[in-house]
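Structure first, commentary second.
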Amino acid sequence: MAIDHNDVNAGAAIYSRQVLAIYDLSMLIFFKFVWQCPTIHVLELYNDNISSNHLDVGVGSGYYLDQCQFPSDNPNILLLDLNHNSLSAAARRISRYRPEMLQANALEPILLKNTFDSVGLGSLLHCLPGTIKDKAVIFENLRPLMNPGGVIFGCTLINGGVSKHWFARQAMQRLNAKKIFCNLQDNADDLQEALSKRFFDSNVRIIGCMALFTARTPV
Amino acid sequence: MIEMDRLLEKTAWYKVAGVLVKGYGVASGISSESPYPFGSLVMQKPYFNERGLDLEGFFLGTLNIDISPYVFEIFNPLFKFEGVEWYEGTTAETFSFADCFIEYENTCIKGYVYYPHPETKLRHFQSKSLLEIIAPYIENVRHGVKLSLYFNKEQIRLTKNHKEARYGDRP
């Protein structure tokens, strides 16, 4: 395959090998000082919800999977991402768990037979195209992969209804202009509605510009 | 190590070995002889999108995979778009798509079999054992590499055929 001329992979293509190397550091800085949500909050979200049978969607560099505490030493983990660099980086990082990798678009039906007790969506939704209502198709696609009583959780940067300092506003505008983010229309109410339409026990909590969410399938 | 048997319902999917071969470079626009400088798929994508197939996030070129001695038939496509007038001055084409997975370098990759119907296609007749697949961008994939492919039995039929036929052949 040759270089992609299109912008279709723009959100995923940002995760080149070079970028992944500095991704963690910039994430720590950006989360704390720009988005006003230190990564410890997201890590706590992972620690509180992750299971030993976990699907992670939009894996980034694998930072949270590497840092979080799984309930067992030998979890079953499937990594799902559109971008091979991102998948490889995350899989290398947590190679002690022997994760499996699926390169696919989570906005399309995923067609797997195995199901999971937890599904993580760390910092993915704000990269997907459209509004929260459009992005909610990902919940439709992931729900069949969840066991009864399973939890879906994650975080996403939102633009509407949160206070942002000057630098955060500039960063969000620029990242949207570059099509790395697509979240100018995203807000917590739409996210809450998208979750509560499809799951039980949904919760959205705002820290800085970040919405941290959890929801469950019926037991 | 990816365990595809664990990920996919074994009874619902064919597994077949294939080899990645060089294509004509028309879909991707890589070929200097391609009449479509950015590739035919870039031009076709909006027509597919308005008919319900969103190729957002997929590489807009095809992987050409030789599955000989098998030949394939899409008997129940996931999508079938008839009369797509995607390029001015040519006849409308029909396209079918089917689900598939590719196993490559310990990764499972979700894609679609892309089948421009030969009876509506003007150029580039090719073997019935040669599949065109649309997938997310695959890092470091090279011609000649062996891949495992998984096809949905409810959409695609595979038969073993030692006498190679061509798409344009009449039965």
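Around the Cα centre of segment B:4-164, unit charges on the Cβ atoms of Lys, Arg, Asp and Glu (plus for the first two, minus for the last two) sum to a dipole of about 580 debye.
Cα gyration tensor of the protein assembly as shown, axes a ≥ b ≥ c as square roots of the eigenvalues: rounded (a/c below 1.5), prolate (a/b > b/c) or oblate? Judged from the Cα gyration tensor, the protein assembly as shown comes out prolate (a/c at least 1.5, a/b above b/c). Of the residues A:GLY122, A:GLY208, A:GLY58, the one that moves most in a GNM of chain A with alpha-carbon contacts below 10 Å is A:GLY208.
Here the gap between B:PHE75 and B:ASP54, fully extended at 0.36 nm per residue and compared with their Cα-Cα distance, gives a gain of 5.4 nm. Remark on B:PHE59: its backbone amide H falls under 5 Å from those of B:ALA135, B:TYR137, a criterion applied only to residues 5 or more positions apart or on other chains, H modelled at 1.01 Å from N. Rg then Dmax, both in Å and based on the Cα atoms of chain A: 16.2, 47. The residues packed around B:PHE101, meaning those with a beta-carbon under 10 Å from its beta-carbon, carry a net charge of 0 if Lys and Arg are +1 and Asp and Glu are -1.
Note on segment A:91-219: Lys pairs 8 or more places apart or on different chains, Cα atoms under 22 Å apart, count 8. A simple charge model with +1 on the Cβ of Lys and Arg, -1 on the Cβ of Asp and Glu and nothing else charged puts the dipole of segment A:22-81 at about 160 debye relative to its Cα centre. Each peptide in A:144-157, B:44-57 receives the mean, over its residues, of other Cβ atoms within 10 Å, and ordering these scores from highest gives A:144-157, B:44-57. If only the Cβ of Lys and Arg carry +1 and only the Cβ of Asp and Glu carry -1, the dipole of the protein assembly as shown around its Cα centre is close to 420 debye. Over the C-alpha atoms of segment B:4-164, the Rg to Rh ratio, Rh being the Kirkwood estimate, stands at 0.94. Seen from A:PRO71, the other residues with C-beta closer than 13 Å to its C-beta sum to a net charge of -3, counting Lys and Arg as +1 and Asp and Glu as -1. Of all the options A:CYS209, A:CYS68, A:CYS182, the one that moves most in a Gaussian network model of chain A with Cα springs shorter than 10 angstrom is A:CYS68.
Here the spin labels are modelled as points 7 Å beyond Cα on the Cα-Cβ line, and at B:LYS160 and A:GLU44 they lie 6.2 nm apart.
Can you check what the net charge comes to around B:VAL16, using other residues whose Cβ is under 13 Å from the Cβ of B:VAL16 (Lys, Arg +1; Asp, Glu -1)? Net local charge, B:VAL16 excluded: +3. Per residue of the protein assembly as shown, the DSSP helices (runs of n ≥ 4 H) give a summed -39500 (n - 2.57) that works out to -6500 deg cm²/dmol at 222 nm.
No lab work stands behind these numbers, since they all come straight from the coordinates. Note that the structure is predicted; figures quoted are calculated from it, not measured. Don't worry about glycine lacking a Cβ; one is built from the backbone with ideal geometry, like all the others, and counts go over all protein chains shown.
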